[in-house]
Amino acid sequence: GVVTGRVRARAKAGGTEGAGGRAGSRLARCELEERRDAYAMELSGGQRRLVEVMRGLLRGPKGLLLDEPTVGVAPHLSRQLMAEYRKIGASGVAVVMIEHVLEVVEEVCDRVLVMDNGRVIAEGTFDEVMQSKAVHEAYLG
């Protein structure tokens, strides 16, 4: 299928052995196995995000950079994405995300860095930055 084919092609381009098996296991892990023959345009926004993340992990990266990874994603798939990001982080892959949805930040991030006009105004756990006067002044008014 197109989803499986693209995942396999990405892995093979990186010289990864056993790409087809890994692609299939990633599809199963993300509950997309039944969509393995689907074209990308047939997938929902959340399903496409899952495939993007899965493709990014095939080469065994040390880190993953995500820009607003749940934007435009249905709530049930957003929860699945957040769980997947937590699993990725727990596996030893550094997950860095740019995100403005506080629920996602609280649920996924161990460390939070808040910027305002290009400078860091707070850094710490979610609870620590939420108590920051600078964060309140800049964003929570």
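The values are calculated or read from the model by the stated rules, or taken from the named source; none is laboratory data. Nothing here was measured: the structure is a model prediction, and the numbers come from that model. Quick reminder, even Gly has a Cβ in these numbers, built from the backbone with ideal geometry, and neighbours come from all protein chains shown. What goes into the accessible areas is simple: the full protein's heavy atoms, side chains included, and nothing from ligands, DNA or RNA. Shrake-Rupley method; radii C 1.70, N 1.55, O 1.52, S 1.80 Å.
Every residue in the stretch 114-127 that is at negative phi and either open to solvent by less than 90 Å² (accessible area, probe 1.4 Å) or in contact (Cβ under 8 Å) with a residue 24 or more places away in the chain (or both), please. Of everything in the stretch 114-127, those that are at negative phi and either open to solvent by less than 90 Å² (accessible area, probe 1.4 Å) or in contact (Cβ under 8 Å) with a residue 24 or more places away in the chain (or both) turn out to be V114, D116, V120, I121, A122, T125, F126.
Of all residues being under 16 Å from E52 (Cβ atoms) and not aliphatic (A, V, I, L, M) in the stretch 76-86, which is most open to solvent (accessible area, probe 1.4 Å)? Just the residue, please. Here the answer is Q80. Please work out if R22 is modelled with pLDDT under 60 and in a helix (DSSP H, G or I). Criteria met by R22.
Just so you know, in the stretch 60-73 the residues that are surrounded by 14 or more Cβ atoms within 10 Å (Cβ to Cβ) and either in a loop (DSSP other than H, G, I, E, B) or free of Cβ contacts under 8 Å to residues at least 24 places away in the same chain (or both) include one that is nearest to the chain's Cα centre (by Cα), and it is P69.
Scanning the stretch 88-106 for residues that are under 16 Å from E68 (Cα atoms) and buried (at least 16 other Cβ atoms within 10 Å of the Cβ) turns up V95, M97, E99, V104, V105. Scanning the stretch 46-94 for residues that are farther than 20 Å from V105 by Cβ and touching a helix residue (DSSP H, G or I) at 6+ places or on another chain (Cβ under 8 Å) gives Q47, R48, V51, M54, R55, L57, L58, R59. Quick check, is V53 of a type in the set (A, V, I, L, M, F, W, C), open to solvent by 20 Å² or more (accessible area, probe 1.4 Å) and not in a loop (DSSP other than H, G, I, E, B)? So V53 does not fit the description; no.
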